[in-house]
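Q: Provided herewith is a single structure, encoded as structure tokens, for subsequent inquiry.
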Amino acid sequence: MKTICADMRNNIDPELMALAGSIIRRGGLVAFPTETVYGLGSDALDPEASRKIYAAKGRPSDNPLIVHIAQFDALDRIVSHIPDAARALADAFWPGPLTMIFHKSEAVPSATTGGLDTVAVRMPSHPVALELIRQGGGYIAAPSANTSGRPSPTEARHVYDDLNGRIDMIIDGGPVGIGLESTIIDLTEETPMVLRPGFISLEMLRSVLGEVRMDPGLHADDPAFRPKAPGMKYRHYAPKSPLIIVEGEEARVRAKISQLVLEAEKSGKAAGIIATDEDASSYTHGIVRSAGTRSDEITIAQRLFSILREFDDLQVSVIYSEAFDTPQLGAAIMNRLIKAAGHQVIQV
Ligand code: TXA
Ligand code: MG
């Protein structure tokens, strides 16, 4: 299949957008930018189209897709009951990086929800995403537009690297703004429960809803506690080489990473380091990439997946990363990093 690349970095091209909409309505696949990460879109109400997504990504078929909408009223058709909490959350955070889980209606095929009787819904804020949803018929199922298991794409070229030739179109909207997938909150639980941390933090959700809890399965590497979101159980976001996080007081972290990199290089291995602007220049060995300054956690979130992909391209044998326990986004950043590391964390 020839993949059409549509450049919409500066403005929405009306002809190409009309083409993208018609590809979706005919059951095809279009990758598009959102404010979180790039998504791989198809008609959410067409089971065949959803199956194509799983095939293109190599995604396990029990891992449900998020349905993207462009207006709140679109919920009526796909959700069996809209709780008051959803209206309050939508007023506060939609369009934006928040996904809500509801009981689904008959209109949503089980191929889209991985066989579940619930459906995840999000209204993204990116203008290209909103226009594509409108022109594509109002309901676009979209997982992150990466090959299953690889870091989520934050630029169109990441999508191209993974999916060129396997999908109909890639819309380039430039680098994304947030760089981490949406926060997921499950409204079918008695107490609303966060299934995946993201830009919308627990505190922000509590300020609207009062009581909100975290899925206990998120923290544990204990298999007795499984995360409720099927996608959170996979070793995900993972670079090709092993990733090890070093956590603790900053000077000790630097010393430990320096020592580990030196040992790796002595045995002939190339090592990557994920550092920050504050200390990147203090590493004398290894291939160092800074995720940005510790005082700007949005930049750290934006760059993280891209750095993991870059180390894949550089074919390093091992990657060492500092920990990023930043105030607002720390929970979301560390959730992704710890998963990418397969829970390999060294405390110093
Ligand atoms: O920011 C985002 O959410 C991006 C952009 C493209 O919108 N999308 C995204 O989709 O991250 P994906 O497929 O990579 O992750 C969706 C997550 C998976 O962990 C999946 O298991 C979970 O949402 N999920 C979807 N539907 C669910 C449901 N009904 N119940 C529980 N978890 C669900
Ligand atoms: Mg994903």
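No value in this document is a laboratory result; all are computed from the given coordinates. Model, not experiment: these values are computed from the prediction. All Cβ positions, glycine included, derive from the backbone under ideal geometry; neighbour counts span all protein chains shown.
Q: Beyond 19 Å between alpha-carbons counts as too far, so tell me which of K104/K228; K240/K339; K52/K240; K2/K57; K233/K339; K269/K339 fall in that bin. Each step should come with its number before you reach the end.
A: Details: K104/K228 17 Å; K240/K339 13 Å; K52/K240 25 Å; K2/K57 16 Å; K233/K339 9 Å; K269/K339 23 Å.
In this structure, K52/K240; K269/K339 exceed 19 Å between Cα atoms.
Q: Where the centroid of each part is defined by its Cα atoms, how far is region 257-309 from region 1-73 in Å?
A: 34 Å
Q: Right, next: So what is the relative contact order of the chain, in percent, for Cα pairs below 8 Å that sit 6 or more residues apart?
A: 19 percent
Q: With the dipole of the chain worked out from charges on the C-beta (+1 for Lys and Arg, -1 for Asp and Glu) around the Cα centre, which of Q259, P327, A129 lies farthest toward the positive end?
A: Result: Q259, furthest along the dipole toward the positive end.
Q: Which one, G268, G248, G136, has the greatest fluctuation when you compute a Gaussian network model over the chain with C-alpha springs under 10 angstrom?
A: Top of the fluctuation ranking is G268.
Q: Moving on to the next point. Only Cα pairs under 8 Å and at least 6 apart count here; give the relative contact order of region 243-347 as a rounded whole percent. Could the numbers behind the result be given before it?
A: On the way: 157 pairs, mean separation 40.4, N = 105.
Once divided by the residue count of region 243-347, the mean separation gives 39 percent.
Q: Please work out whether region 201-348 counts as rounded, prolate or oblate from its C-alpha gyration tensor, where a ≥ b ≥ c are the square roots of the eigenvalues and a/c under 1.5 means rounded, while otherwise a/b larger than b/c means prolate and anything else oblate?
A: Details: a/c = 2.10, a/b = 1.58, b/c = 1.33.
Verdict is prolate for region 201-348.
Q: Still on this structure: Could you go through region 170-186 in sequence order and give the Karplus-derived ³J(HN,Hα) for each residue, using 6.51 cos²θ - 1.76 cosθ + 1.60 with θ = phi - 60°, rounded to whole Hz, and x for Gly and Pro?
A: 10, 9, 8, x, x, x, 6, x, 9, x, 10, 4, 4, 5, 10, 10, 9
Q: Quick one: R9, R336, fewest Cβ neighbours within 10 Å first, how do they rank? Working shown, then result.
A: Numbers: R9 12, R336 24.
Arranged by neighbour count, lowest to highest, R9, R336 become R9, R336.
Q: Then there's this: Taking the number of other C-beta atoms within 10 Å as the exposure measure, put I200, I346, I273 in order starting with the fewest. Please list the in-between numbers first.
A: Numbers: I200 22, I346 15, I273 27.
If I rank by nearby Cβ atoms, fewest first, I get I346, I200, I273.
Q: Still on this model: How do K339, K240, K104 line up, fewest other C-beta atoms within 10 Å first? Show your work: numbers first, answer last.
A: Working: K339 19, K240 15, K104 23.
Result, fewest neighbours first: K240, K339, K104.
Q: Please provide three numbers in whole Å: the alpha-carbon extents of the chain along the principal axes, with the largest listed first.
A: 59, 48, 34
Q: Here is a follow-up. Taking 1 over the mean of 1/r across every pair of different Cα atoms in region 50-128, what Kirkwood radius in Å do you get?
A: Details: mean 1/r = 0.0761 Å⁻¹.
In region 50-128 this quantity evaluates to 13.1 Å.
Q: Rounded, prolate or oblate for region 42-179? Axes are the square roots of the Cα gyration tensor eigenvalues, ordered a ≥ b ≥ c, and the cut-off for rounded is a/c under 1.5.
A: Judged from the Cα gyration tensor, region 42-179 comes out oblate (a/c at least 1.5, b/c at or above a/b).
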